[in-house]
Amino acid sequence: MYIVGITGGIASGKSTVARQLRSLGMQVIDADELARQVVEPGRPAWKEIVDNFGPEYLNEDQTINRVRLGELVFGNPEQLKKLNSATHPHIMDEFKNRIREIRANHNQAIIGLEVPLLYETNMDKLCDQVWVVWVDYQTQLKRLMARDGISREDAEKRIAAQMPLNEKAKLAQVVIDNRYSLEHTSQQVKRYFNAIRQAAE
């Protein structure tokens, strides 16, 4: 079994790269998907969020109002830390459970951990190799504003809430340059994935 961490910054293209890796046969576990699961009504992380932030951050159906909570924590390090401490331990447990399941069924699997905060949460320690999906700051800013329909100021705040992408790139074993076409990115992904597969044979 071989574990690849897939990370980057907000709007850098992690999900695009993860989709390409899935199509090549990698078993990708998505942190955002697990994050949504652990905050479902009644689960421990949901209870911690309600206790810490109050019922005013719930929708009528008792699900977390992610937009409202996002507005509170972005640009507010203390509140973001509080949210992360409520969710990250539960997300980490889910990751470990999924890895165990895959190992039990397919010992030679190549697993991808798609995690925006891979370095910030020390999840790089679980990985044999880390890939950072990289773009320059201006490209990241433009893509985030276009994707989420937000102002430049809000986009800058969201980017600033994460570890700088250039710092992540320095720590990674593989950097995928995602500034250009989908085909350009795909060629890099195939090359690095095939190198892992060949080394495993």
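The values are calculated or read from the model by the stated rules, or taken from the named source; none is laboratory data. The model shown is predicted, which means the values in this text are computed figures rather than measured ones. In this analysis, Cβ positions are derived from the backbone assuming ideal geometry, glycine residues included, and neighbour counts consider all displayed protein chains.
Structural remarks
- Residue tally, condition touching a Leu at 6+ places or on another chain (Cβ under 7 Å) and either within 16 Å of Thr121 (Cβ to Cβ) or among the basic types (Lys, Arg) (or both), over region 32-82: 1
- Pairs, first on the phi > 0 side of the Ramachandran plot in region 95-117, second part of a helix (DSSP H, G or I) and of a type in the set (A, V, I, L, M, F, W, C), C-beta under 7 Å, six or more apart: none
- Remark: pairs (first residue in region 36-47, at pLDDT 95 or above; second residue surrounded by fewer than 13 Cβ atoms within 10 Å (Cβ to Cβ); Cβ separation under 7 Å; 6+ apart in sequence or on different chains) = Pro41/Gln62; Trp46/Glu40.
- For region 48-72, the candidate set comprises residues that are free of Cβ contacts under 8 Å to residues at least 24 places away in the same chain and of a type in the set (A, V, I, L, M); within that set, the residue that is nearest to Arg19 (Cα to Cα) is Val67.
- Complete set of residues in region 70-128 that are among the charged types (D, E, K, R), closer than 26 Å to Lys170 by Cα and part of a helix (DSSP H, G or I): Lys81, Asp124, Lys125
- Residue in region 6-26 that is touching a strand residue (DSSP E or B) at 6+ places or on another chain (Cβ under 7 Å), within 25 Å of Ile150 (Cα to Cα) and part of a strand (DSSP E or B) present: yes
- Residue check for Arg36: within 20 Å of Asp148 (Cα to Cα) and more than 19 Å from the chain's Cα centre (by Cα): no
- Scanning region 94-129 for residues that are loosely packed, with under 13 Cβ neighbours inside 10 Å and either under 18 Å from Leu165 (Cβ atoms) or not hydrophobic (A, V, I, L, M, F, W, C) (or both) returns Lys96, Asn97, Arg100, Glu101, Asn105, His106, Asn107, Gln108, Asn122, Lys125.
- The set of residues in region 118-146 that are under 17 Å from Val17 (Cα atoms) and out of contact with any strand residue (DSSP E or B) (no Cβ under 7 Å at 6 or more places or on another chain) comprises Val135, Asp136, Thr139, Gln140, Arg143, Leu144.
- Matching residues in region 95-141 - criterion: being under 14 Å from the mean Cα position of the chain (by Cα) and acidic (Asp, Glu): Glu114, Glu120, Asp124
- Some residue of region 177-191 being in contact (Cβ under 8 Å) with a residue 24 or more places away in the chain, under 17 Å from Gly9 (Cβ atoms), among the aliphatic types (A, V, I, L, M) and surrounded by 14 or more Cβ atoms within 10 Å (Cβ to Cβ): no
- When the test is whether a residue is at pLDDT below 95 and either exposed (fewer than 11 other Cβ atoms within 10 Å of the Cβ) or at positive phi (or both), Gln162 does not pass it.
- Residues of region 130-139 classified as touching a residue at least 24 places away in the same chain (Cβ under 8 Å), of a type outside the set (Ser, Thr, Tyr) and surrounded by fewer than 16 Cβ atoms within 10 Å (Cβ to Cβ), total: 1
- Of the residues making up region 153-201, those that are among the small types (Gly, Ala, Ser), out of contact with any Asp or Glu (no Cβ under 8 Å at 6 or more places or on another chain) and part of a helix (DSSP H, G or I) number 6.
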